[in-house]
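This report refers to the structure that appears directly beneath it.
The values are calculated or read from the model by the stated rules, or taken from the named source; none is laboratory data. As the structure is a prediction and not an experimental result, all values here were calculated from the model. Heads up, the Cβs are rebuilt from the backbone with ideal geometry, glycines too, and the neighbour counts pull from every protein chain shown. Remember, those area values only see protein heavy atoms, side chains included, never the ligands or the DNA or RNA. Shrake-Rupley method; radii C 1.70, N 1.55, O 1.52, S 1.80 Å.
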Amino acid sequence: DFSHHHILDPQTLCSPPETASVSVLAASGAMADGLATAFMVMGHEKSLALAHRLPGVEALIIAKDGTRFSTPGVPLA
């Protein structure tokens, strides 16, 4: 069940309603981990906009309905 997970939105104290999974490629594991957590809460539109502004960052975001969103550098097989 994708309704709840360990990431909580600090404003609502609930799991983000849209996002089921986020994968991030970045220059370091720490940066990728921090961005993935933030992107879970931010939603796909704001997350992809931020990823586009950060050099070397790619992201794959999967919504709870299974829809996939990604930056151009992530192949969607």
If you check every pair at least six apart or on different chains, which have Cβ atoms under 9 Å apart with a residue in the range 28-45 that is under 16 Å from SER70 (Cβ atoms) first and a residue that is in a helix (DSSP H, G or I) and of a type in the set (Lys, Arg) second?
PHE39/LYS46
Qualifying residue in the range 5-22 (condition: at positive phi and among the hydrophobic types (A, V, I, L, M, F, W, C))
yes
Please enumerate the residues belonging to the range 1-38 that are surrounded by 14 or more Cβ atoms within 10 Å (Cβ to Cβ) and of a type in the set (A, V, I, L, M, F, W, C).
ILE7, LEU8, ALA20, VAL22, VAL24, LEU25, ALA26, MET31, ALA32, LEU35, ALA36, ALA38
Failed criterion for VAL57 (all others in (1) at pLDDT 95 or above; (2) among the β-branched types (Val, Ile, Thr); (3) in contact with a strand residue (DSSP E or B) (Cβ under 6 Å, 6 or more places away or on another chain) hold)
(3)
Check whether at least one residue in the range 50-62 is more than 10 Å from the chain's Cα centre (by Cα), open to solvent by 40 Å² or more (accessible area, probe 1.4 Å) and within 19 Å of HIS4 (Cα to Cα), and report yes or no.
no
